[in-house]
Amino acid sequence: MLDVDAVQLSFRGVRALGGISLELREGEVLGIIGPNGSGKSTLFNVITGIYQPDAGAVRFRGASITGLDPRAVVKRGIARTYQNKRLFPSLTVLENVMVPALRRESGGLLGDMLGLPSARDGWRAARAHATECLEFVGLGTMAEVGAGSLAYGQQNRLELARALALEPALLLLDEPAAGLTPDERMDMRSLIERIHARGVSVALVEHDMRVVMGLCSRIVVLDHGEVIAAGLPADIARDPAVIAAYLGAQADD
Amino acid sequence: MRAGWVAGIAGVVALCVLGRFGSDYLLEIATLVLIESIAVVGLGFLTGFAGRISLAQGALYGVGAYAAALLVTRTGLPPLFGLPVAILAASAIGTALGTPAIRLSGLYFVMSTIGMQQILWILQMHWSSLTGGPQGVRGIPAFSVGGLVLDTPSRFYFVALIGAVVSYLLARRVIASRFGLFLRAVSDDELASATAGVPVLRAKATALALSSGWAGAAGFLHAYYLRYVHPDMFTLDLSVIFLTMAMFGGYRSLEGMLLATAILGGASEYLRPFGQFRLVAYGALLVLSMMFFPRGLLAVLPARRRR
């Protein structure tokens, strides 16, 4: 479904991605793990069009999406969340999700200004869709709260709702469980399971091994911008190169 | 929400009473404030909702005024024909000059609008064959609709009042629309907006086009207010005044912008004896309002924040 082919990226001579290739199959939850600075978020930024790779290609469902801008990538059916939450703090929770929900409504500005029925119908449909997404992540009662005043764990779920409102075929999650309490992590895990059950393929960057091992059908391990291992969770846990990378990273920290 | 409508209707009724019984002198001032409120509300699309600060609103107001003045004096068409022409001219010029810069971040965009302001002033002053240069445009007839000539201060006041009310109501619609929501999202976080499917550049360019169009409509009324236009009416000073009104009044509050326009526009008339030093007061006010209530005048009042 998603094909990352020998993608390279350097920042001012510092190599961030050194020819990464990986494949995500339709319907799976792919875990992407690795020490801090191993290139996981950079890879997401390349896939979603925020960075242009120096070399290599990204294909989605057979078509190249290399070098598309972020909005064009969204249109192809890929949504994402951010590691450092990027909500719209001055909007309400509902409005945060209305933004992606309204993206498909075609009514023009003139229709809005004149209050045409088509514009009002579009608004109503988007509102219903956004409300449904909020209920799905468990924020149904928080719709009118300002997003800037949400607790940390709720911000994660709002980011998820915002991504889901795009109705993606593939969802890229960048550390959705980071900073959560153990209970919240288990909630997040079951939430991702429910998203997967709706037929959404998932790429998951995460540090919490229990979340990763429990959710992912396959795991890719990055270190210093390279893939050092890929395979089933059980095999990855025993892989000497992975263990070395993680122990090394811990010694560095 | 309902309380807002009651306050709005009460305000319009009060303004109508003023128009019926106010002295000519008072109505001249009030008319100018109403006209300026249109330009300020337009600027609000950029400052409050797109997170972009413009110092070209005065020049674009001038474009609207010149468009209206030239159309009526050169062709003799009825005044109202000038309204769409003024709106389109200002909107087209503002969009053409501003769009290349709109992707720039805050400070660089401001610099580019100062450039836009100066370019337009120079064109108004030196493109004499079109604009009359330093002579300005004289001989603008009194405003009329159909056979109705609205030549007294009281009559023209009501024209400006209708203009200001329509401008406010349309702006509210825009802000409550899908486009308005996109703009607020963009000013919060451009990258997250793009990831949420918002056409970021188009949203900002549209804000610029609307902002310029509102300036053009205000300029149209200004041409019939003084019935004379001159380049020195539309200098950087005017842009600073508009910006002060928009920032002082309301980050994302149209009502705050109207209030600030009324206060500052009214005060400016009484500060006239101070001549050039008036602008010192405006500059100081801009600095103070940024320091102490960056979210605008109404944000200081006990909150009933956004609807």
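The values are calculated or read from the model by the stated rules, or taken from the named source; none is laboratory data. Everything quoted here is computed from the prediction, not taken from an experiment. Heads up, the Cβs are rebuilt from the backbone with ideal geometry, glycines too, and the neighbour counts pull from every protein chain shown.
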Subject >> residue A:122 vs. criteria more than 27 Å from residue A:44 (Cα to Cα), in contact with a helix residue (DSSP H, G or I) (Cβ under 9 Å, 6 or more places away or on another chain) and surrounded by 19 or more Cβ atoms within 10 Å (Cβ to Cβ) >> reply: yes
**OP:** State all residues of segment B:241-259 that are touching a Phe, Trp or Tyr at 6+ places or on another chain (Cβ under 8 Å) and farther than 12 Å from residue B:44 by Cα; if no residue qualifies, say none.
**Re:** B:241
Subject >> Search result, residues across segment A:38-71 that are over 15 Å from the mean Cα position of the chain (by Cα) and without any contact (Cβ under 8 Å) to a residue 12 or more places away in the chain >> reply: A:62, A:64
Original post:
Say we look at segment A:168-194 and pick out the residues that are more than 23 Å from residue A:39 (Cα to Cα), touching a residue at least 40 places away in the same chain (Cβ under 8 Å) and surrounded by 15 or more Cβ atoms within 10 Å (Cβ to Cβ); which of these is farthest from the other protein chains (Cβ to nearest Cβ)?
Top reply: A:187
Original post:
modelled with pLDDT of 90 or more and more than 9 Å from every other protein chain (Cβ to nearest Cβ), is that true of residue A:29?
Top reply: yes
Original post:
Looking at residue B:169, is it within 14 Å of chain A (Cβ to nearest Cβ) and closer than 25 Å to residue B:30 by Cα?
Top reply: yes
Original post:
Taking segment A:71-89 only, how many residues are buried (at least 20 other Cβ atoms within 10 Å of the Cβ) and touching a strand residue (DSSP E or B) at 6+ places or on another chain (Cβ under 9 Å)?
Top reply: 7
**OP:** Please give the number of the condition residue A:74 fails out of (1) under 25 Å from residue A:229 (Cα atoms); (2) touching a residue at least 40 places away in the same chain (Cβ under 8 Å); (3) not in a strand (DSSP E or B).
**Re:** (1)
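With the requirement that a residue be hydroxyl-bearing (Ser, Thr, Tyr) and either outside any helix (DSSP H, G or I) or over 25 Å from residue B:67 (Cβ atoms) (or both), what does segment B:245-267 give you?
Result: B:251, B:253.
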**OP:** Using the structure shown, decide if residue B:155 is more than 29 Å from residue B:258 (Cβ to Cβ), in a helix (DSSP H, G or I), out of contact with any Gly (no Cβ under 7 Å at 6 or more places or on another chain) and not aliphatic (A, V, I, L, M).
**Re:** no
**OP:** Kindly indicate which of B:220, B:242 is assigned to a helix (DSSP H, G or I), under 26 Å from residue A:114 (Cβ atoms) and among the aromatic types (Phe, Trp, Tyr).
**Re:** B:220
Original post:
Of everything in segment B:64-112 that's farther than 17 Å from residue B:45 by Cβ and of a type in the set (Val, Ile, Thr), which residue is farthest from the chain's Cα centre (by Cα)?
Top reply: B:75
**OP:** Six or more apart or on different chains, Cβ under 8 Å: which pairs go from a residue in segment A:88-102 that's more than 7 Å from chain B (Cβ to nearest Cβ) to one that's among the charged types (D, E, K, R)? Could you list them?
**Re:** A:92/A:144; A:93/A:144; A:94/A:127; A:94/A:144; A:96/A:162; A:97/A:162; A:101/A:127
**OP:** May I ask you to list the residues in segment A:38-65 that are touching an Asp or Glu at 6+ places or on another chain (Cβ under 9 Å) and away from chain B (no Cβ under 14 Å)?
**Re:** A:38, A:39, A:40, A:56, A:57, A:58, A:59, A:60, A:61, A:62
Subject >> Tabulated pairs, segment B:180-192, first at pLDDT 90 or above and buried (at least 24 other Cβ atoms within 10 Å of the Cβ), second aromatic (Phe, Trp, Tyr) and part of a helix (DSSP H, G or I), C-beta under 7 angstrom, 6+ apart or interchain >> reply: B:183/B:49
Original post:
Filter segment B:208-244 for residues that are polar (S, T, N, Q) and in contact (Cβ under 8 Å) with a residue 60 or more places away in the chain; which is farthest from the other protein chains (Cβ to nearest Cβ)?
Top reply: B:235
Original post:
Considering segment B:195-207 alone, what residues qualify as being surrounded by 23 or more Cβ atoms within 10 Å (Cβ to Cβ), within 7 Å of chain A (Cβ to nearest Cβ) and either touching a Cys at 6+ places or on another chain (Cβ under 7 Å) or in a helix (DSSP H, G or I) (or both)?
Top reply: B:195
**OP:** Please give the number of the condition residue B:170 fails out of (1) within 18 Å of the chain's Cα centre (by Cα); (2) within 30 Å of residue B:104 (Cβ to Cβ); (3) touching a residue at least 12 places away in the same chain (Cβ under 8 Å).
**Re:** (3)
Subject >> segment B:173-194: number of residues that are facing another protein chain (nearest Cβ under 7 Å), charged (D, E, K, R) and not in a loop (DSSP other than H, G, I, E, B) >> reply: 4
Original post:
Say we look at segment A:122-147 and pick out the residues that are within 12 Å of another protein chain (Cβ to nearest Cβ) and touching an Asp or Glu at 6+ places or on another chain (Cβ under 9 Å); which of these is modelled with the lowest pLDDT?
Top reply: A:122
